[in-house]
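Single-structure report; data block below.
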Amino acid sequence: MSTTQTLTIAPTGTWQLDPVHSSVGFEVDYLAGTFKGDFREVDATLAVEGESARLEGTAKVASVDVKDENLATHLQSPDFFDTERHPELRFTAEDLDLDGEAVTVKGKITIKGVTKPVALAGTVSPPLTDYSGNERIGLKLTTVIDRTEFGVNWNLPLPTGQPALANEVLIVGDLYFYLVEGD
């Protein structure tokens, strides 16, 4: 007989994202490789009350960071994120399930004004006290979405007829939180 013990994701309190040590990015197959980008301006809060938790986060679309300025501009255009009309990506979740260090987060993501349910999987580090006496935790989360479900439809056909850019996008979050208000 085996049992799975579900514990709280973090001690009770409000946890704020440490934007310096955190990253939120994406990876998508493009031509013969993988294209990667990050958002430099991200914010998130994890509110924990007993065994329930709520995770909310945003990323400023204008902060998309890729290796080419012209490409970053194209990603902000209506072909992709449409920064002028939709300046933020949003994520909210109230269903965080912890099994040891493995975590599943079910919530909703909003991209380009379209909100869809999404499930993220990953790990959570146990709370620790840093060199300044602050309590910290880390969440590493990933999910795959179909960008076309959010109206991100741009593509370029190759001579073979295949698209240059895949529809499936891997979203990767490496999130560091510190306790700002706890019991």
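Restricted to region 139-183, and to residues there that are free of Cβ contacts under 8 Å to residues at least 12 places away in the same chain and in a strand (DSSP E or B), the residue that is most open to solvent (accessible area, probe 1.4 Å) is P157.
Taking the criterion of being closer than 20 Å to A44 by Cβ and hydrophobic (A, V, I, L, M, F, W, C), the residues of region 108-143 that qualify are I109, I111, V118, A119, L120, A121, V124, L128, I137, L139, L141. Taking the criterion of being assigned to a loop (DSSP other than H, G, I, E, B) and open to solvent by 50 Å² or more (accessible area, probe 1.4 Å), would at least one residue in region 53-66 satisfy it? For region 53-66, residues assigned to a loop (DSSP other than H, G, I, E, B) and open to solvent by 50 Å² or more (accessible area, probe 1.4 Å): absent. Checking each residue in region 13-39 for being of a type in the set (D, E) and open to solvent by 40 Å² or more (accessible area, probe 1.4 Å) picks out E27, D29, D38.
So that you can scan it fast, the table gives a plain yes or no per residue for (1) assigned to a helix (DSSP H, G or I); (2) loosely packed, with under 15 Cβ neighbours inside 10 Å:
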| residue | (1), (2) |
| --- | --- |
| P11 | no, yes |
| L71 | yes, yes |
| P78 | no, yes |
| T83 | no, no |
| L89 | no, no |
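Checking each residue in region 85-105 for being of a type in the set (A, V, I, L, M) and under 13 Å from the mean Cα position of the chain (by Cα) picks out L89, A93, V105. Scanning region 15-35 for residues that are in contact (Cβ under 8 Å) with a residue 12 or more places away in the chain and either farther than 16 Å from T58 by Cβ or part of a loop (DSSP other than H, G, I, E, B) (or both) returns D18, P19, H21, S22, E27, V28, D29, Y30, L31, F35. Remark: V42 matches the filter, which requires a residue to be closer than 17 Å to F177 by Cβ, among the aliphatic types (A, V, I, L, M) and surrounded by 12 or more Cβ atoms within 10 Å (Cβ to Cβ).
The values are calculated or read from the model by the stated rules, or taken from the named source; none is laboratory data. In this text the structure is predicted, and so the values were computed from the model without any measurement. Neighbour counts run over all protein chains shown; Cβ positions are idealised from the backbone, glycine included. Heavy atoms of the whole protein, side chains included, go into the accessibility calculation; ligands, DNA and RNA do not. Shrake-Rupley method; radii C 1.70, N 1.55, O 1.52, S 1.80 Å.
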